[in-house]
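Engineer: What follows is a single structure, and I will ask about it in a moment.
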Amino acid sequence: MENKNSAFKEFISPILVLVVICFVTTFLLAFTYGITAPIIAENTAKAASEARMELLPAGDSFSPSDADLYILEDGKVYAEDCYVADNGEGMVVTVKTNSYGGMLTAMVGIDKDGAVTGVKVTEHSDTPGVGTKAQAEGHLSQYVGLTELGSDVIKAHADSVVEVTGASVSSGAIHKAVYCALAQFDAMGGVN
């Protein structure tokens with residue numbers, strides 16, 4: 001009998017303790033997620049709204065468009081959402097594009113005449129100090145005022161915008177994001 005008690009204490013007892021710890025930890029994580037998820041969603045929506053106002057200052061407020069979203073390359077470059085300014089001054093398109101470190105999310109403001117008003121990278125996994133140079137204000141400002149980038153994305157990239165040395169993949173990803181946003185604008189026939 002003592003042998004069975006010894007085996008229970010040595011093998012089964014630690015397993016039961018670990019199982020209880022796992023259940024308690026899982027419950028606490030789920031509880032914390034339940035409390036923080038709505039707050040995170042609210043903060044994300046607020047940040048996106050502020051970015052839209054920054055990219056298209058002439059817009060007073062924005063509503064999501066119900067138009068089909070443009071896909072430049074399936075699973076690699078596509079419009080994730082499109083918000084149109086309620087006063088008809090333009091739109092802001094959020095684009096996902098494949099970059100060096102993975103998917104990059106960029107927001108592109110386009111005025112009612114089809115000219116880029118601003119570009120902002122909101123999420124990325126590119127190498128800090130290298131790929132992120134393509135996300136600097138100086139590089140992104142090259143797109144302001146452009147109305148088209150040409151049908152050949154690579155050729156247009158070389159002709160219209162100077163890429164960042166050492167960050168050609170990241171530069172190309174941002175260029176494709178802008179191209180996709182302009183294509184979304186064209187596919188919608190402008191601001192309706």
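The values are calculated or read from the model by the stated rules, or taken from the named source; none is laboratory data. Note that this is a predicted model, so its numbers are computed, not measured. With ideal geometry, Cβ positions are generated from the backbone for all residues, glycine too; neighbour counts draw on all protein chains shown. Ligands, DNA and RNA are excluded from the accessible area calculation, which covers all protein heavy atoms including side chains. Shrake-Rupley method; radii C 1.70, N 1.55, O 1.52, S 1.80 Å.
Engineer: I'd like to know if segment 65-80 contains one or more residues that are open to solvent by less than 50 Å² (accessible area, probe 1.4 Å), within 15 Å of A183 (Cα to Cα), touching a Leu at 6+ places or on another chain (Cβ under 9 Å) and at pLDDT 90 or above.
Structural biologist: Checked segment 65-80: at least one residue is open to solvent by less than 50 Å² (accessible area, probe 1.4 Å), within 15 Å of A183 (Cα to Cα), touching a Leu at 6+ places or on another chain (Cβ under 9 Å) and at pLDDT 90 or above.
Engineer: In segment 93-113, how many residues are at positive phi and either modelled with pLDDT of 90 or more or acidic (D, E) (or both)?
Structural biologist: 0
Engineer: State whether one or more residues within segment 101-109 are touching a residue at least 12 places away in the same chain (Cβ under 8 Å) and part of a helix (DSSP H, G or I). Full working, then the answer.
Structural biologist: Looking only at segment 101-109, we keep the residues that are touching a residue at least 12 places away in the same chain (Cβ under 8 Å), and these are 101-109.
Retained after the next criterion (residues that are part of a helix (DSSP H, G or I)): none.
Taking every residue of segment 101-109 in turn, none turns out to be touching a residue at least 12 places away in the same chain (Cβ under 8 Å) and part of a helix (DSSP H, G or I).
Engineer: Confirm whether A183 is open to solvent by less than 50 Å² (accessible area, probe 1.4 Å) and either modelled with pLDDT of 90 or more or among the basic types (K, R) (or both).
Structural biologist: yes
Engineer: Looking at K46 and the list (1) under 15 Å from the mean Cα position of the chain (by Cα); (2) open to solvent by less than 60 Å² (accessible area, probe 1.4 Å); (3) at pLDDT 90 or above; (4) not small (G, A, S), which single condition is not satisfied?
Structural biologist: Checking K46 against (1) under 15 Å from the mean Cα position of the chain (by Cα); (2) open to solvent by less than 60 Å² (accessible area, probe 1.4 Å); (3) at pLDDT 90 or above; (4) not small (G, A, S), the one that fails is (2).
Engineer: Name the residue, out of A156, A177, A134, A173, that is of a type outside the set (D, E), open to solvent by less than 60 Å² (accessible area, probe 1.4 Å), modelled with pLDDT of 90 or more and assigned to a helix (DSSP H, G or I).
Structural biologist: After ruling out the rest, the residue left standing is A177.
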